[in-house]
Amino acid sequence: MAPGAVIDDVRSAVRAGSSWSSPKLGSGIGFEDVTVSYGKLVVLASLSLTIEPGEIMALIGPSGSAKTTALRAVAGFVRPASGRIRIGERDVTDLPPHARDIGMVVQNYALFPHMRVEDNVAFGLRARREAKEAVKQRVAECLRMVGMSAYTQRYPRELSGGQQQRVAIARALAVRPRVLLLDEPLSALDAQIRHSMLQELARLHEAMPSLTVLYVTHDQTEALTLADRIAIMRDGRLVASGPSQALYREPPTRFAAEFLGRANLLPVTLEAADAGDGLARVRLGEISLLVKARPGLSVGRDCLLCIRPHGIAMRPGGRPSNELTGVVRAMQWQGDLHSVTLETQGVLIRMICAPLRDPPSLGVRFPIHFAAEDATLIPEDA
Amino acid sequence: MTSIAAPAIRRTSFNTGWQWVLPPLFFLSVLFFYPLALIVRESLLGHGRSLSLSHYDAVFTSGLFQDALLHTIVIALAASAGCLVLGFVLALVLSFVAFPGARLLARLIDTFIALPTFLVALSFTFIYGSAGILNISLMHLLHVRLPPVDFLYSAWGVILAEVTVYTPFVLRPLLASFSLIEPAQIEIANSLGAGPWRIIRQVILPAAIPALLAGGSLCLLLTTNEFGIVLFISAKGVITLPLLVYDQAVQEFDYTTACVIAAANIGLSLTLYSLYRMIITRFGGFRAGLV
Amino acid sequence: MLVWSRSGRIGAWLLFSLLFGVIYVLPVAVIAIASFAGQWNGVLPSHLTFAHYARAVHSSLSAELRVSLITGVMASAVALVVGTWAALALRKIYGASRLVLDIVFFIPSAVPSVSVGLGLLVAFSRPPILLNGTIAMVVVAHFVLTSAFTYGNVSAGLARLGPEFEQMAESLGARPGYRLRHVTLPLITPYLIAAFSLSFALSMGELGATMMVYPPGWRTLPVGIFALADRGDIFESATLTVLLACATLAVLVGLSYIPTRAASRR
């Protein structure tokens, strides 16, 4: 089924006055100084984070960063040692999972293998003892939303991975959850299906703008594609959070910069903290560069300059722009783009550009440019 | 995810739920542990009013008990050893020498667990008894008048029957552990010039040791406790502890003596059971037996 | 393959066939033949007859089969409930107390059956609980002897289940009772059936404890078989053993055909 058709179904379902926009939807999530520990081992250290109603928050981080622990604390499978968890106005810290009004989707789908697709989707409604007729209607509605109407009588084992995940999403949405918790929902799918499911998730949220989503993933592309805001975890701590775009363009730490995508991190020294127009001046080797100013850094301090590979171009663009001359050290053609590595001032810089008709050969020297607004300062010790 | 999220799985509920274990625990306590305790009490008390070890003293010094204890231990050890050897050979062929129907045969042997143990003892009467097939055939062949084979009504008969009955308990964990040996491992060993005996010694046997220990210790426990086979063969002079308990209680109506012997038997069995538990805890997974 | 040479393989097969034949096929075959044997003075019976079966069906012995079946089903049903309950309850307990309780529920399998019977005789022939001379004694004995195996089987099933299905059910709003009935129990049905089958088979063949405690009028088939064999009626005891084995296997096969939708899990 084409994604377009699905979204039309969603829209018509919403227009038809169905219960998508029930008042339950649109509760935010609040972590208030939440610590989770097992014995002496602290797994999640005083996490404070607020997810606004209707927002998609991606919680990302490497393995062992406790992002799943945080999600499971919202679901109620993990008991915080201290701190409170809020869903909407309700403090749910002491509630068992079944009383929390959540919807959950996990990596391996966890569809009940002994139930048909429709019974899987109906499970939560029946557990809440909703009327038979209402359950039936709701199940049909949800399966239509995810484009699985033709599979109601199948058992999970008769479905592909992508189809199973659609059913799992329908099952989670069927109960009209206050919040939707997605725990690595796409990790078990192959690349192509993952991409289309990602778009579908985006469209589902577009159709249900008031649904709050907590999305745990280790994949920064998923997070950047889907999330309004991103929170980055590392070793059980929240290390950065903010709107996706801002976090990508102006990562506060080296870890955030590297985790959200490729970055050139150049060692520089601050020459002037305020060079006018919100800019600062830094020194890289023998040359001076104009970059975005960052408050709180003192002159003479060693910093890292973060420039994304596609922020570097062969022609100047944006004002003010910096120019460097580099020697080509490596060259890779990757189909739809070219990756060029240059050496300048004793450091290597990677740039990504549209495929070049006539790529420069190794050892050639040529100028590259980047705009001051694409260059962000990161304190070295962070 | 990962090492850190893993402990979270166990903590699914906030309250510990201790109270739920009480009903089955109570049920088992009344029907099993209470009788068990009364056996011990009776063995210490007898008809007297104060606790004393005098009954133990009397029983333990009697020749009857010492014989029974010796027979129990010897039969259990020999039968378990037999189970290990037979189980290992059968499992080797079933796992590593491909032939059609190997799976089916393994399952057939497995169904022996579901059959009453005395079936084998009874059939041995027809095969190896003094008027059994073997003896009649030999008498015809050798032209002798007396049955030449006379092991059934001795400890050997009991041992052979127990080997037959309890080998599946060794075979099960062995087949499970052999299925984990990658064929490539054996092929590589083969390509390096190792012959079958060397492969068995150096590749298969080490992998089989946990299963052998688990299966063997379970066999030791089960053969110690075996009653039906010993009763059916009822060989003269081959009396084991369970049989002695039965004789004292049902034939002699001497409950105190029966309780003393039973307490000793239970002590022996629980020791063997702890051995079995220690082995499966130490070596993991292969809960050989019935479960 | 362990043995490459053709002759080596044939040798291995021959060894296996010999062992398998002598140790497993022969006893079963001989019992089966003996159950039909009219007279057996030579190498093979002189003639075959259905007389033993006819007598078995008409005599009190078919009543013994009925007693065995009823006892087996009752004891196994109780063992299944208690064992499943214990296995489920133990999941909520952690640490050392769990290990201790696990051993407590396993111990009945380690105690010799005759001693279990003796214990029941000693304990329930006196107040506060008087059961001696009742059918309940036999059922209790069989329950005690099989409960550990149902507990073990169900525990193994629960251990393999993994937490994700139940957690998902909980997240969808299912209370503990609903979750147990609609998710946990259906998913471990294969193990419940296996547990019941095993304890039923053990109960059908139980001799030691039953010999100690059975009341008049509630004699199980194994006890009857032993009485016959003890009297020297070995052909009839063979016949009854065959009937016992067939009845047991028939029930087990029947149980294995119970459809379980969870059977082919991921």
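The values are calculated or read from the model by the stated rules, or taken from the named source; none is laboratory data. Worth saying up front: this structure is predicted, and the values here are computed from it rather than measured. Neighbour counts are summed over all protein chains in view; Cβ atoms, including those assigned to glycine, are modelled from backbone coordinates with ideal geometry. The area values use the complete protein model at the heavy-atom level, side chains included, leaving out ligands, DNA and RNA. Shrake-Rupley method; radii C 1.70, N 1.55, O 1.52, S 1.80 Å.
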### Query
Is one or more of the residues making up the stretch A:86-97 of a type in the set (Gly, Ala, Ser) and farther than 20 Å from A:ILE29 by Cα?
no
### Task
Report whether or not A:VAL117 is under 18 Å from C:ALA169 (Cα atoms), of a type in the set (Val, Ile, Thr), in contact with a Phe, Trp or Tyr (Cβ under 8 Å, 6 or more places away or on another chain) and in the same structural domain as A:LEU211 (by TED's automatic domain parsing).
yes
### Single condition A:LEU211 does not satisfy, out of (1) under 19 Å from A:THR376 (Cβ atoms); (2) of a type in the set (A, V, I, L, M); (3) buried (at least 17 other Cβ atoms within 10 Å of the Cβ)
(1)
### Task
Please determine, by comparing only the residues of the stretch B:234-250 that are within 10 Å of another protein chain (Cβ to nearest Cβ) and within 18 Å of the chain's Cα centre (by Cα), which one is farthest from C:LEU118 (Cα to Cα).
B:THR240
### Query
Is one or more of the residues making up the stretch A:128-147 outside any helix (DSSP H, G or I) and within 30 Å of the chain's Cα centre (by Cα)?
yes
### Query
How many residues does the stretch B:138-172 hold that are part of a loop (DSSP other than H, G, I, E, B) and in contact with a His (Cβ under 7 Å, 6 or more places away or on another chain)?
0
### Task
Give the residue that is nearest to A:ALA223 (Cα to Cα), with candidates limited to residues of the stretch A:47-88 that are hydroxyl-bearing (Ser, Thr, Tyr) and open to solvent by 60 Å² or more (accessible area, probe 1.4 Å).
A:SER63
## Note on the structure
Note: among C:ALA148, C:ALA229, C:ALA169, C:ALA195, just one is surrounded by fewer than 24 Cβ atoms within 10 Å (Cβ to Cβ) and touching a Phe, Trp or Tyr at 6+ places or on another chain (Cβ under 8 Å), namely C:ALA229
### Task
Look at A:GLU200 and say whether it is assigned by TED's automatic domain parsing to the domain that holds A:ASN108 and either open to solvent by 40 Å² or more (accessible area, probe 1.4 Å) or among the basic types (Lys, Arg) (or both).
no
### Query
Is there a residue in the stretch C:116-123 that is touching a Ser or Thr at 6+ places or on another chain (Cβ under 9 Å), within 7 Å of chain B (Cβ to nearest Cβ) and either of a type outside the set (A, V, I, L, M, F, W, C) or within 25 Å of B:VAL245 (Cβ to Cβ) (or both)?
no
### Condition broken by B:GLY237, with the remaining ones in (1) open to solvent by 30 Å² or more (accessible area, probe 1.4 Å); (2) part of a helix (DSSP H, G or I) satisfied
(2)
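From the list A:ASP91, A:ASP119, pick out the single residue that is within 11 Å of chain C (Cβ to nearest Cβ) and either surrounded by fewer than 23 Cβ atoms within 10 Å (Cβ to Cβ) or under 17 Å from the mean Cα position of the chain (by Cα) (or both).
A:ASP119
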#### Entry: Residue check, B:SER177 away from chain C (no Cβ under 14 Å), open to solvent by 10 Å² or more (accessible area, probe 1.4 Å) and either at pLDDT below 90 or under 16 Å from B:SER123 (Cβ atoms) (or both)
no
### Query
Residues of the stretch C:177-191 being surrounded by 22 or more Cβ atoms within 10 Å (Cβ to Cβ) and within 22 Å of the chain's Cα centre (by Cα), which ones?
C:ILE188, C:TYR191
### Task
Answer with yes or no whether B:LEU84 is in a helix (DSSP H, G or I), open to solvent by 50 Å² or more (accessible area, probe 1.4 Å) and either aromatic (Phe, Trp, Tyr) or touching a residue at least 40 places away in the same chain (Cβ under 8 Å) (or both).
yes
### Query
Which residue, of B:LEU180, B:LEU205, is out of contact with any Pro (no Cβ under 7 Å at 6 or more places or on another chain), within 21 Å of B:GLY87 (Cβ to Cβ) and touching a residue at least 24 places away in the same chain (Cβ under 8 Å)?
B:LEU180
### Query
Does A:GLY61 satisfy the criteria of being away from chain C (no Cβ under 14 Å) and either hydroxyl-bearing (Ser, Thr, Tyr) or in contact (Cβ under 8 Å) with a residue 60 or more places away in the chain (or both)?
yes
### Query
When you go through A:LEU159, A:LEU111 one by one, which is the residue that is more than 9 Å from chain C (Cβ to nearest Cβ) and at pLDDT below 95?
A:LEU159
### Options B:ALA189, B:ALA106, B:ALA184, B:ALA131: the member that is part of a loop (DSSP other than H, G, I, E, B) and modelled with pLDDT under 85
B:ALA131
### Summary
Of the listed residues (C:GLY133, C:GLY205), the one being touching a residue at least 24 places away in the same chain (Cβ under 8 Å), at the interface with chain B (Cβ under 7 Å from one of its Cβ atoms) and open to solvent by 10 Å² or more (accessible area, probe 1.4 Å) is C:GLY205
### Query
Considering A:LEU173, A:LEU224, which residue is open to solvent by less than 20 Å² (accessible area, probe 1.4 Å), assigned by TED's automatic domain parsing to the domain that holds A:GLY61 and not aromatic (Phe, Trp, Tyr)?
A:LEU173
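Applying the selection to the stretch A:74-88, what residues are more than 7 Å from chain C (Cβ to nearest Cβ) and either among the hydroxyl-bearing types (Ser, Thr, Tyr) or assigned to a loop (DSSP other than H, G, I, E, B) (or both)? Please lay out each step first, then the result.
Taking the stretch A:74-88 first, the residues more than 7 Å from chain C (Cβ to nearest Cβ) are A:74, A:76, A:78-88.
Selection gives A:GLY76, A:VAL78, A:ARG79, A:PRO80, A:ALA81, A:SER82, A:GLY88.
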## Note on the structure
Considering the stretch A:122-150, residues that are small (Gly, Ala, Ser) and away from chain C (no Cβ under 12 Å), and then whichever is surrounded by the most Cβ atoms within 10 Å (Cβ to Cβ), we arrive at A:GLY147
### Query
If you take the residues of the stretch A:325-356 that are in contact with a His (Cβ under 8 Å, 6 or more places away or on another chain) and in a strand (DSSP E or B), which of them is farthest from A:VAL268 (Cα to Cα)?
A:GLN332
### Query
When the stretch B:20-69 is examined, which residues are found to be open to solvent by less than 60 Å² (accessible area, probe 1.4 Å), within 14 Å of another protein chain (Cβ to nearest Cβ) and not in a helix (DSSP H, G or I)?
B:GLY46
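Rundown of residues vs (1) out of contact with any helix residue (DSSP H, G or I) (no Cβ under 9 Å at 6 or more places or on another chain); (2) open to solvent by 60 Å² or more (accessible area, probe 1.4 Å); (3) small (Gly, Ala, Ser), yes/no style:
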residue	(1), (2), (3)
C:SER7	yes, yes, yes
C:LEU18	yes, yes, no
C:ALA32	no, no, yes
C:TRP40	no, no, no
C:PRO45	no, no, no
C:THR49	no, no, no
C:GLY72	no, no, yes
C:ALA79	no, no, yes
C:ALA86	no, no, yes
### Task
Among residues belonging to the stretch A:238-266 that are in contact (Cβ under 8 Å) with a residue 40 or more places away in the chain and surrounded by fewer than 16 Cβ atoms within 10 Å (Cβ to Cβ), point out the one that is farthest from A:GLN345 (Cα to Cα).
A:GLY261
